[in-house]
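Taking it in order: structure first as structure tokens, then the write-up.
The values are calculated or read from the model by the stated rules, or taken from the named source; none is laboratory data. On a predicted model such as this, the values are computed, not experimentally measured, just so you know. Please note: Cβ atoms are built from the backbone with ideal geometry, for glycine as well, and neighbour counts cover all protein chains shown.
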Amino acid sequence: MSVNIQMEFAVEMSCEACSDSITKVLKEKSVKVLDIDLDKQMVLVETNKPFQNIQETIESTGKRAALMGLGSSVGGKHLGAAVAEISGTKVRGVVRMLQLDEQNCLFEGTLDGLSPGEHGLNIHEFGDLSNGCVNCGEHYNPHGRQHGGRNKSERHVGDLGNISAEKNGRSVFRFVDDQVKVWDIIGRSMVVHEKADDLGQGQYDSSKQHGNSGQGLACGIVARSAGLMQNVKRVCACDGIVLWDERNVPAAGVERSQFMQKL
């Protein structure tokens, strides 16, 4: 299902030539530019492409960009958005979710460090990352159903099927799901597994529970995310990290403190 959404980016612009070059490269990629505000350093687009692709397109002009919010192109009130910062020993990435309407939720993400091929992706019941992905619990399954594929009626709500990684270890994916609701999964975890999920079609009994996709390689807590024009932050009040530098800094905890001490 191809669906357009609106994306708001904060972009480090300082002149009209900056905004003109960004408008040009986006239009060359068939991305609809809704607004560029030089004073607010904001770019608003409408597209059916993953956010990572749009960010990379903007940054091809030499200007740093950061996604600030997502919104449905259908209009009406904002129904919710979420983000999961996925991390493991080797795997890193981001998955974003946007509730398009009362029924459908958009997922799009970019993960790096995977082995080539398919990997199971699931929402698990607990947001406990105290021991890697071990304490995330079972698949989120509020209706007590058997495990299945994303497009099956008999499935856990948390069954998101498989994502595919290229030879370089990167997986870029985008799909719409009619079972997940953003408001139900905040605080739970998203886990990418070491092997392909058999979608409940395997020969072992465990197929009907977790799809035989192996251990969790990387995981992240599903956190509430901003909608369009809901996030005006440019500098972190706690330690002064500029918005465009955030991607290179640990999100919190000891690792962030250690990073700050090196500056």
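Restricting attention to segment 160-215, report how many residues are over 27 Å from Thr47 (Cα atoms) and not aliphatic (A, V, I, L, M).
Count: 24.
Tell me which residues, restricted to segment 111-122, are of a type outside the set (Gly, Ala, Ser) and either in a loop (DSSP other than H, G, I, E, B) or at pLDDT below 95 (or both).
First pass over segment 111-122, keeping only residues of a type outside the set (Gly, Ala, Ser): 111-112, 114, 116, 118-119, 121-122.
Residues satisfying the conditions are Leu114, Pro116.
Name the residue, out of Asp128, Asp197, Asp177, that is within 22 Å of Asp101 (Cα to Cα) and of a type in the set (Asp, Glu).
Values: Asp128 fails: within 22 Å of Asp101 (Cα to Cα); Asp197 fails: within 22 Å of Asp101 (Cα to Cα).
Every option except Asp177 fails the conditions.
Give Asn151, Asn104 a once-over and let me know the one that is farther than 22 Å from Phe51 by Cβ and assigned by TED's automatic domain parsing to the domain that holds Gly220. Walk me through how you get there before you give the answer.
Values: Asn104 fails: farther than 22 Å from Phe51 by Cβ.
Checking each option against the conditions leaves just Asn151.
Looking at segment 34-77, which of its residues are part of a loop (DSSP other than H, G, I, E, B) and either closer than 16 Å to Leu98 by Cβ or within 18 Å of the chain's Cα centre (by Cα) (or both)?
Filtering segment 34-77 down to residues part of a loop (DSSP other than H, G, I, E, B) leaves 38-41, 48-50, 60-64, 73-77.
Correct list: Asn48, Lys49, Pro50, Ser73, Val74, Gly75, Gly76, Lys77.
Just name the residue that is surrounded by the most Cβ atoms within 10 Å (Cβ to Cβ) out of those in segment 143-185 that are touching a Pro at 6+ places or on another chain (Cβ under 8 Å) and closer than 16 Å to His124 by Cβ.
Across segment 143-185, the extreme among qualifying residues is Val157.
Residues in segment 205-212: is at least one at pLDDT 95 or above, under 17 Å from His119 (Cα atoms) and out of contact with any Phe, Trp or Tyr (no Cβ under 6 Å at 6 or more places or on another chain)?
The answer is no, given that none of the residues of segment 205-212 is at pLDDT 95 or above, under 17 Å from His119 (Cα atoms) and out of contact with any Phe, Trp or Tyr (no Cβ under 6 Å at 6 or more places or on another chain).
Being crowded, with 22+ Cβ neighbours inside 10 Å, over 19 Å from Leu228 (Cβ atoms), assigned by TED's automatic domain parsing to the domain that holds Arg155 and modelled with pLDDT under 95 is the requirement here; does Gly88 meet it?
On the way: crowded, with 22+ Cβ neighbours inside 10 Å: no; over 19 Å from Leu228 (Cβ atoms): yes; assigned by TED's automatic domain parsing to the domain that holds Arg155: yes; modelled with pLDDT under 95: yes.
Taking the combined requirement at face value, the residue does not satisfy it.
Take the residues of segment 41-77 that are modelled with pLDDT under 90 and surrounded by fewer than 16 Cβ atoms within 10 Å (Cβ to Cβ): which is nearest to Thr23 (Cα to Cα)?
Checking each candidate, the answer is Ser73.
Could you figure out which of (1) among the hydrophobic types (A, V, I, L, M, F, W, C); (2) surrounded by 20 or more Cβ atoms within 10 Å (Cβ to Cβ); (3) not assigned by TED's automatic domain parsing to the domain that holds Arg174 isn't true of Val95?
Here Val95 clears every test but (3).
Please name all residue pairs, on different chains or six or more residues apart, with Cβ atoms under 6 Å, provided the first residue is in segment 1-24 and is crowded, with 20+ Cβ neighbours inside 10 Å and the second residue is acidic (Asp, Glu) and assigned to a helix (DSSP H, G or I).
Listed by first residue and then by second, the contacts come to nothing, as the list is empty.
Working only within segment 133-148, note down all residues that are of a type in the set (Gly, Ala, Ser) and either outside the structural domain of Val91 (by TED's automatic domain parsing) or in contact with a strand residue (DSSP E or B) (Cβ under 8 Å, 6 or more places away or on another chain) (or both).
Taking segment 133-148 as the starting set, the residues that turn out to be of a type in the set (Gly, Ala, Ser) are 137, 144, 148.
Residues satisfying the conditions are Gly137, Gly148.
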